[in-house]
1. Among residues belonging to the range 151-189 that are surrounded by fewer than 17 Cβ atoms within 10 Å (Cβ to Cβ) and free of Cβ contacts under 8 Å to residues at least 40 places away in the same chain, point out the one that is nearest to residue 252 (Cα to Cα).
2. If I filter the range 141-164 for residues that are modelled with pLDDT of 95 or more and part of a loop (DSSP other than H, G, I, E, B), do I get at least one hit?
3. Could you list all residues from the range 74-112 that are in contact with a helix residue (DSSP H, G or I) (Cβ under 7 Å, 6 or more places away or on another chain) and surrounded by 17 or more Cβ atoms within 10 Å (Cβ to Cβ)?
4. If I filter the range 617-640 down to residues being in contact (Cβ under 8 Å) with a residue 60 or more places away in the chain and out of contact with any strand residue (DSSP E or B) (no Cβ under 9 Å at 6 or more places or on another chain), which single residue comes out as surrounded by the most Cβ atoms within 10 Å (Cβ to Cβ)?
5. Give the range 482-493 a look and list any residue that's closer than 15 Å to residue 531 by Cα and either touching a residue at least 60 places away in the same chain (Cβ under 8 Å) or out of contact with any strand residue (DSSP E or B) (no Cβ under 7 Å at 6 or more places or on another chain) (or both), or say none.
6. If we only count strands (runs of 3 or more DSSP E) wholly inside the range 256-308, which ones have 2 or more residues that are without any contact (Cβ under 8 Å) to a residue 40 or more places away in the chain?
7. Restricting to the range 600-616, what's the tally of residues that are surrounded by fewer than 19 Cβ atoms within 10 Å (Cβ to Cβ) and touching a residue at least 60 places away in the same chain (Cβ under 8 Å)?
């Protein structure tokens, strides 16, 4: 038997090698148009970038090695021009010499692969416009790049400029490697997103990562023309009229199956332009087989037959073709399109169907998003990944999965690809027992987490709304943000109200249980907890945002709110009568401008939002104005949160740059926290203190009811978290919340004893304003608070004091009620009406509770 194979790269070399292992006596001829056979075309971009320095490592086999090891006749530089099916011959032309001849066959394998698209644009054939498909393409690109870099190194010109057309896997790998060589890189993509194998929201984190590494992206536009420049370079004109200067251009706009031979031979082609084959990889001619990028195969999930220009399927198809050529009966069932790419420090990929494909094919599905870490968050070197799973709404069968992140993305995709291939469901994902140790994963692996969430949806334990459906998904509903007040102040959905998770169980008691509620948080976990708390309290129309605000901002690209100006620094008038104060203010200004020289490190790696911001806020409180903190964060969202937080709190963001999966930022503490009130030494005797312009909230706490005082301290702690100063003036029954639990014994007047008997003895014994039920109601609400990890009133008071809140007891009321300073807890100041009015005059908000 004589087997002729057309094409000698992935599929062709695999057909020949497998056939030889099955039939030692067959005559096997491989005809390859190019001058290299069995090379690693997926590695070509990395030699351009000199990540793979040794070119020979890309040459997996040579004609000589295949002859020696497998006795295969490999002829490079031999192009097959036509097929004579009746005569069972192919016409071959020697590329270099031009000589043509006929080669007979018994069985013919077409492994002609795919061709890069070269649209018929003006200037497309200029010398500086390249495609990357073969070793020769790589050599030409690298030679021109090396020459341009060498010229730039002489100082005779500026940096090397490159343009990549197409933001698929190969295009982005080329962009990364060109950047590695020091070139300026512009990427042009016709779609509104990069990475077509991913859904839109899964591509956005990679897009942000590319921009952070200095890659310029031009989306929703395309190349229109190429023109030569007088300096030897090129001008690339885009359809949006932008003109980019380039020393070289890489075309990576996609591929199409190379089916010219098959079409001219009358072989059947499929609806997508590829060669039609059966499950044995046999074409419409019983003696002609096909494998690789040029064939259409069934999809594992979607209806119909699809093209899949991927190395893995090409090699498996080739193996099946060879086995059937050699008399076995082996079937190729389907291709699921598993793929992955590394771009700088980030990894992204997918398997199965995308949401776009399922919608187009009208296949019913559900989707969930989770944001677990690649491994245990307390072990260094991890970051949050985005993981999306698509599944059937009736059976839970896995239809597709995508992931983007920094560590452990590949193994999660492999597990999900295996589950999809086996026809397993999201319920199976819950039960997978996967390898765990802190450097490698978590006790609840990201795959398990995706299974938990998806199974909750199918069981009715969770109802989701989706970012792409906004604003229709929230129309007419009450939109609740359950994040912290500090997160809310940095950014929130328009029209949302902030009800932090810790307080939602109390706040919801007055809400309409039949009205629609739409919840969200940062990544979906806190809003899930809020969802469960609400539905178990009788709320009937509740849904939470899948993937949280991280996914929302991928769809809608909402910028952090920036309409508020930076909080002003504390400063004193420069009038002559304030000479002492002015001198101090000038010294402070110099410190703020130049820094104190004190710099501390803060490691927030492994912390998901809002952890880094909260930890940074705590650290800032321990520093002096002008001190700097260098914070290391693995949360990619920190790039947008940090500037907004610094601006909101009066600090200066000195620098921020990529570091691994996240960022390293240097912040200088601003003067908003400097002595908020001038002391006596700051002022000339007899002069009034200048007004402090820092944001401040003042309270008059009049009530002695537990629920009302709780509300006061919840709001106070929220204001502190947002960087505001807080002063709380306690009068009449509100003073009871400041009582010590163990005051020292002292002599009391009869009236004082009567008041002491009638009033609560401390914050822990205050009654409810409604449904107190002789104390039973208060006890019940305290138990509910404990069961749901809601801070008690004493804890909230302590937290407010730790955050810098001024607790001021009204001395007039203390006299009326017989309360002595020793009856009050430590840290409480004494003051009168004038003290309160002074605080209120400096406040932007004053509340009476």
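The values are calculated or read from the model by the stated rules, or taken from the named source; none is laboratory data. These numbers were taken from a predicted model, which means no experiment stands behind them. As a convention, Cβ positions derive from the backbone with ideal geometry for all residues, glycine included, and neighbour counts pool all protein chains shown.
1. Selected residue: 182.
2. Yes: the range 141-164 contains one or more residues that are modelled with pLDDT of 95 or more and part of a loop (DSSP other than H, G, I, E, B).
3. Step one: of the range 74-112, the residues in contact with a helix residue (DSSP H, G or I) (Cβ under 7 Å, 6 or more places away or on another chain) are 74, 76, 80, 82-83, 107, 109-112.
Scanning the range 74-112 gives 74, 76, 80, 83, 107, 109, 110, 111, 112.
4. First pass over the range 617-640, keeping only residues in contact (Cβ under 8 Å) with a residue 60 or more places away in the chain: 617, 621, 634-637, 639-640.
Next, from what is left, pick out any that are out of contact with any strand residue (DSSP E or B) (no Cβ under 9 Å at 6 or more places or on another chain): 617, 621, 640.
On the way: 617: 19, 621: 12, 640: 16.
Of everything passing the filter in the range 617-640, 617 is surrounded by the most Cβ atoms within 10 Å (Cβ to Cβ).
5. Narrowing the range 482-493 to residues closer than 15 Å to residue 531 by Cα: 482-483.
Once the filter is applied, which keeps residues that are closer than 15 Å to residue 531 by Cα and either touching a residue at least 60 places away in the same chain (Cβ under 8 Å) or out of contact with any strand residue (DSSP E or B) (no Cβ under 7 Å at 6 or more places or on another chain) (or both), the range 482-493 yields only 483.
6. Details: elements: 288-290, 295-298, 305-307.
Correct list: 295-298, 305-307.
7. Here is the first cut: in the range 600-616, the residues surrounded by fewer than 19 Cβ atoms within 10 Å (Cβ to Cβ) are 600-603, 611, 614-615.
Right, trim to touching a residue at least 60 places away in the same chain (Cβ under 8 Å) and you get 614.
Qualifying residue count for the region: 1.
Table: residues versus (1) modelled with pLDDT under 55; (2) closer than 28 Å to residue 203 by Cβ; (3) out of contact with any helix residue (DSSP H, G or I) (no Cβ under 8 Å at 6 or more places or on another chain).
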residue	(1), (2), (3)
585	yes, no, yes
604	no, yes, no
621	no, no, no
637	no, yes, no
644	no, yes, no
